[in-house]
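Asks: My structure is below; once you've seen it, I'll send some questions.
The values are calculated or read from the model by the stated rules, or taken from the named source; none is laboratory data. In this text, all values refer to a predicted model and were calculated from it rather than measured experimentally. For neighbour counting, all protein chains shown are included, and Cβ atoms are generated from backbone atoms with ideal geometry for every residue, glycine included.
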Amino acid sequence: MWCGFVFPHGFCKVGRRFGNHSWLAQRRSARVNYHGAERCNLLVHMTGEDRTKVKVLVVGAGLAGVTAANELHADGYDVTIIEASERFGGRIWTERDASGRAVELGATWLHGKTGNPLFECAEKLGILPPADERDPEDEDRNDDDDYWGLLKYVRSDGTLLQPDDVRRVMKLFRSFLNELKDDRAKSSLPSSVGQYLDQRWQETASSIGPHDELIFQARKELECGISGCNDLNEVSEMALKPRRFISAGCEEI
């Protein structure tokens, strides 16, 4: 009997099982993509009869794992998925509050519209929110309408920062990001978003308040989360693509 192990984010391992002993004797490895084992030649080139003799174990039940398992099952393989957590879905996670409203905890933002197949799919399915509910980072929103400036910011000692200070710094930060998106300025831009933001911030240092630096650094940390990076010094202005998010509560595509 043949056995196969599919790691959606890593490798596909296939080997012949001898008795009840060696699971991966004479094993071979090959890259596997999100559409199952398309690049794992030992699986792909098997005939229909051979496939019925193969047991495939998919490790991880996130989007990649479930997709791989679905493709393999459709091709006639005997597939089992194992998942370490208590739920399937990986980073796709919808919770509901006491009133039943959906709260999305992950996988809702679409980074980039042009050439993004996920954006095109969401648009065709009509699951993008209307204009008045768009992502606060959407480039189509008015600069004064800065969602992040409406939140409350508290220091580690419990001191609540003044809302006016927060909104002022957030608006300034937004203006810096808009400068980065200006094609006319790209020829003179530093090599990273972080360098540019720090440079522009220092140019305004003479007019900042006592807590403005804290607010500015907090907003930079937030931008790391938005852009999916650990450090804005690792991000170029090309990463500041238009973003959209999928409406909460979409349970099936």
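Asks: What are the residues in the stretch 62-94 that are of a type outside the set (Val, Ile, Thr) and under 20 Å from residue 110 (Cβ atoms), if any?
Replies: Those that are of a type outside the set (Val, Ile, Thr) and under 20 Å from residue 110 (Cβ atoms): 62, 63, 64, 89, 90, 91, 93.
Asks: Let me ask you something else. Would you mind telling me which numbered condition in (1) of a type in the set (Lys, Arg); (2) modelled with pLDDT under 70; (3) not in a loop (DSSP other than H, G, I, E, B) residue 55 fails?
Replies: Of the numbered conditions (1) of a type in the set (Lys, Arg); (2) modelled with pLDDT under 70; (3) not in a loop (DSSP other than H, G, I, E, B), the odd one out for residue 55 is (2).
Asks: Also, quick follow-up: Test residue 61 against the criterion of being within 30 Å of residue 227 (Cα to Cα) and either at pLDDT 80 or above or in a helix (DSSP H, G or I) (or both), and give yes or no.
Replies: yes
Asks: Out of 20, 70, which single residue is on the phi < 0 side of the Ramachandran plot, outside any strand (DSSP E or B) and modelled with pLDDT of 90 or more?
Replies: The match here is 70.
Asks: In addition: Considering only residues of the stretch 191-212 that are closer than 12 Å to residue 172 by Cβ and not small (Gly, Ala, Ser), which is modelled with the lowest pLDDT?
Replies: Among those that are closer than 12 Å to residue 172 by Cβ and not small (Gly, Ala, Ser), it is 208.
Asks: Here is a further query. Surrounded by 14 or more Cβ atoms within 10 Å (Cβ to Cβ), modelled with pLDDT under 75, in contact with a helix residue (DSSP H, G or I) (Cβ under 9 Å, 6 or more places away or on another chain) and more than 15 Å from residue 219 (Cα to Cα): is that true of residue 141 in this structure?
Replies: Here the answer is yes, as residue 141 does meet what is asked.
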